[in-house]
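The values are calculated or read from the model by the stated rules, or taken from the named source; none is laboratory data. None of these values were measured; they are calculated from a predicted model. Every residue, glycine among them, receives a Cβ derived from its backbone with ideal geometry; neighbour counts consider all protein chains shown. SASA here: full protein model, heavy atoms, side chains in, ligands and nucleic acids out. Shrake-Rupley method; radii C 1.70, N 1.55, O 1.52, S 1.80 Å.
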Amino acid sequence: MTPGGLRRSREHPVPDPAAAVVEMLHAAGETLAVAESCTGGWLGRDITSVPGASASFWGGVIAYDNSAKRSLLAVSPDTLADHGAVSEETAVEMATGVAALSEATWSVAVTGLAGPSGGTPDKPVGTVCVAVAGPVQLSRTYRLTGDREGVRAAAVARAFGLLLEAYEGR
């Protein structure tokens, strides 16, 4: 259940996950910050489309290049060298970094390969890693399908879903 009684499952996702997140944060008096790479600001766009989001949304960092991940979000050069930009380890450090920067209650980070190029056999196009930092820490790797826009849209949906899962799990 999400705040407001919306029942969520893989088969029946929340109709408007951004609104559910804003409602959840507002009801709890909590805040959110985002760190985005492959989604390029789409999480922030969706959150700020909800009236009243400014009461709970700190904002976000779009860290597309590795140098931005290092300098803005304090992602370790060793993490990037050992695991790559598209890894749960990097997503966790991005989420932790934006949480430290913002002092938000919750943070969510997304990094991935939206395509159409850049994939490898180990990390094909559509590989997306999401991490949530806050009272509950979660991270997941997803293998998404579709064109570039489809992968990005699915990544945003997975990020909202993981945040709601973390919130519900505490």
- Subset of the stretch 53-89 [in contact with a strand residue (DSSP E or B) (Cβ under 7 Å, 6 or more places away or on another chain) and farther than 14 Å from SER107 by Cα]: ALA63, LEU72, ALA85, VAL86, SER87, GLU88
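Among the residues of the stretch 125-153, what is the count of those that are surrounded by 14 or more Cβ atoms within 10 Å (Cβ to Cβ) and either under 19 Å from ALA85 (Cα atoms) or more than 15 Å from the chain's Cα centre (by Cα) (or both)?
The qualifying residues number 20.
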- Query: Which residue pairs have Cβ atoms under 6 Å apart, sit 6 or more places apart or on different chains, and have a first residue in the stretch 40-60 that is on the phi < 0 side of the Ramachandran plot and in contact (Cβ under 8 Å) with a residue 60 or more places away in the chain and a second that is among the aromatic types (Phe, Trp, Tyr) and not in a loop (DSSP other than H, G, I, E, B)?
  - Reply: none
- Kindly list the number of the only condition in (1) open to solvent by 20 Å² or more (accessible area, probe 1.4 Å); (2) touching a Ser or Thr at 6+ places or on another chain (Cβ under 9 Å) that fails for MET94. (1)
- Scan the stretch 82-124 residue by residue and report those that are under 12 Å from the mean Cα position of the chain (by Cα), under 24 Å from GLU168 (Cα atoms) and not in a helix (DSSP H, G or I). TRP106, SER107, VAL108, ALA109, VAL110, THR111
- Which residues, taken from the stretch 129-153, are closer than 14 Å to ALA109 by Cα and either assigned to a helix (DSSP H, G or I) or not β-branched (Val, Ile, Thr) (or both)? CYS129, ALA131, ALA133, GLY134, GLN137, LEU138, SER139, ARG140, TYR142, ARG152
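Results for (1) in a loop (DSSP other than H, G, I, E, B); (2) at pLDDT 95 or above; (3) crowded, with 19+ Cβ neighbours inside 10 Å; (4) of a type in the set (A, V, I, L, M, F, W, C), shown as yes or no for each residue.
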{"position": "GLU30", "(1), (2), (3), (4)": "yes, yes, no, no"}
{"position": "ALA33", "(1), (2), (3), (4)": "no, yes, yes, yes"}
{"position": "CYS38", "(1), (2), (3), (4)": "yes, yes, yes, yes"}
{"position": "LEU43", "(1), (2), (3), (4)": "no, yes, yes, yes"}
{"position": "GLY59", "(1), (2), (3), (4)": "no, yes, no, no"}
{"position": "TYR64", "(1), (2), (3), (4)": "yes, yes, no, no"}
{"position": "LEU72", "(1), (2), (3), (4)": "no, yes, no, yes"}
{"position": "VAL75", "(1), (2), (3), (4)": "yes, yes, yes, yes"}
- Could you say which residue among ALA104, ALA91, ALA99 is in contact (Cβ under 8 Å) with a residue 40 or more places away in the chain and touching a Cys at 6+ places or on another chain (Cβ under 8 Å)? ALA91
